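Enquirer: Provided herewith is a single structure, encoded as structure tokens, for subsequent inquiry.
The values are calculated or read from the model by the stated rules, or taken from the named source; none is laboratory data. Just so we're clear, the structure is a prediction, and the values are computed from it rather than from any experiment. Because the Cβ atoms are built from the backbone with ideal geometry, glycine has one as well, and the counts that use them run over all protein chains shown. For accessibility, only protein heavy atoms count, side chains too; no ligands or nucleic acids. Shrake-Rupley method; radii C 1.70, N 1.55, O 1.52, S 1.80 Å.
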Amino acid sequence: MTGKNKPYLAKLEKGKRYAWCACGRSQNQPFCDGSHEKIDSRPHVFTAEKTEELLLCGCKHTKSPPFCDGSHNNLEDAYEVASDEEIASSKAALQTFPEHQSQGKAILDGGSFVLSPDMLPSTEYGPVSVRSLIAQSDGAQHLNLVSFTFTAKTHWRRHDGGDTALYIFSGTGTVNIEGVAFSAAPETGVFVRQGEAFRLEPETPMYVLAAISPDSSPAHWLNATSGDFDKNFPDRRVGIDPAAQEKMADRFYQVLVGSEIGSEEMTQFIGEIPKSRAAFHRHLYEEAIVILSGEGFMWTRNRKAAVKPGDVIYLPPRQEHSLECTAPEGMRLMGVFYPAGSPAINY
Ligand code: FES
């Protein structure tokens, strides 16, 4: 077997046919070289729909061949934690960022950063306080993150440039989307479709994170709603459900806002990791991570910054990184990324 417990990044050309090695014997991974003729296995032949780079399964355990579906994470001893050598080599070049503590933001490698929202300036619109956390002006491409603190019912908010994935960090109340009410409590995700207006009706002050993608502008505050709720997608709220958790070695995640409730652009998930440090890895997607509990460090190759509950991490697509949890009780986090997919897929 010459495959590996990670996917292969492959550049595919639109209209071209490929034969993905299903047996793991090929010397030309991830593609077939005919070695399977010696055993009872056939390649998976497919035609590329677009010219693009995709992750093709290397472990040969995927349930959606030829693509990686994250199955490699649950093979015995396959989830990679940082080796002693990796920790030693990255420590040698490491810079840490005291300004994160004093100015609220630490810039890491490749345009990634860590910020503490409560140290950034806010804009008040009556009973709502708004902070831009991740925007094009910070180097983001298609993922925007805004925080809202609501103390009373607000005007309606509408994002015309993209879908909105809301995450209720604290407080209780109602998320009203075009006149349709969804009760909201901590650790709940709510999906608002592009062009729909929503407002928060708090019972207790609510701190809410809104990811908007692929474009945050234009955004409007409106006095009234059109009542134009997209009834093709009636379910918009997802809370914690142990039965929906996906295991990934000794960690787990649950998708909140995803394709099941109509989100085709973004995926929002909640995850839990034990005291550990992952090996350096990358995702094809652009991602924001919010620390819900626990603490530790976000590492890139040459830099690291401490993270604590409430902190926000921004990772451009393909940014090499490793999140370390130093808390004995583990770390909980919310992640949201564009384009949509599985949080288990990395390379
Ligand atoms: S490499 Fe096989 S599922 Fe990811």
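Residue by residue, here is whether (1) at pLDDT below 95; (2) within 17 Å of the chain's Cα centre (by Cα) holds:
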| residue | (1), (2) |
| --- | --- |
| A278 | yes, yes |
| H281 | yes, yes |
| L284 | no, yes |
| E287 | no, yes |
| I291 | no, yes |
| W299 | yes, yes |
| A306 | yes, no |
| I313 | no, yes |
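Enquirer: Filter the stretch 158-168 down to the residues that are closer than 25 Å to A224 by Cβ and either crowded, with 19+ Cβ neighbours inside 10 Å or among the hydrophobic types (A, V, I, L, M, F, W, C) (or both) and list them by number.
Expert: R158, H159, G162, D163, T164, A165, L166, I168 - these are the residues of the stretch 158-168 that are closer than 25 Å to A224 by Cβ and either crowded, with 19+ Cβ neighbours inside 10 Å or among the hydrophobic types (A, V, I, L, M, F, W, C) (or both).
Enquirer: I would also like to ask the following. Kindly evaluate R25 against the criterion of being open to solvent by 30 Å² or more (accessible area, probe 1.4 Å), touching an Asp or Glu at 6+ places or on another chain (Cβ under 9 Å) and either modelled with pLDDT of 95 or more or within 16 Å of the ligand (Cβ to nearest atom) (or both). Quick ask: steps written out before the conclusion?
Expert: Details: open to solvent by 30 Å² or more (accessible area, probe 1.4 Å): yes; touching an Asp or Glu at 6+ places or on another chain (Cβ under 9 Å): yes; either modelled with pLDDT of 95 or more or within 16 Å of the ligand (Cβ to nearest atom) (or both): yes.
The answer is yes for R25.
Enquirer: A further question follows. For the condition closer than 19 Å to K247 by Cβ, in contact with a Phe, Trp or Tyr (Cβ under 7 Å, 6 or more places away or on another chain) and not β-branched (V, I, T), what is the one hit in G330, G341?
Expert: Details: G330 fails: in contact with a Phe, Trp or Tyr (Cβ under 7 Å, 6 or more places away or on another chain).
Result of the check over G330, G341: G341.
Enquirer: Go through the stretch 231-257 and count every residue that is closer than 30 Å to T123 by Cα and either out of contact with any Asp or Glu (no Cβ under 9 Å at 6 or more places or on another chain) or part of a loop (DSSP other than H, G, I, E, B) (or both).
Expert: 3
Residue-by-condition table, conditions (1) more than 15 Å from the chain's Cα centre (by Cα); (2) in contact (Cβ under 8 Å) with a residue 40 or more places away in the chain; (3) open to solvent by less than 50 Å² (accessible area, probe 1.4 Å):
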| residue | (1), (2), (3) |
| --- | --- |
| L145 | no, yes, yes |
| T149 | yes, yes, yes |
| W156 | yes, yes, yes |
| S170 | yes, no, yes |
| E178 | yes, yes, yes |
| V192 | yes, yes, yes |
| E203 | yes, no, no |
| A210 | no, yes, yes |
| S213 | no, yes, yes |
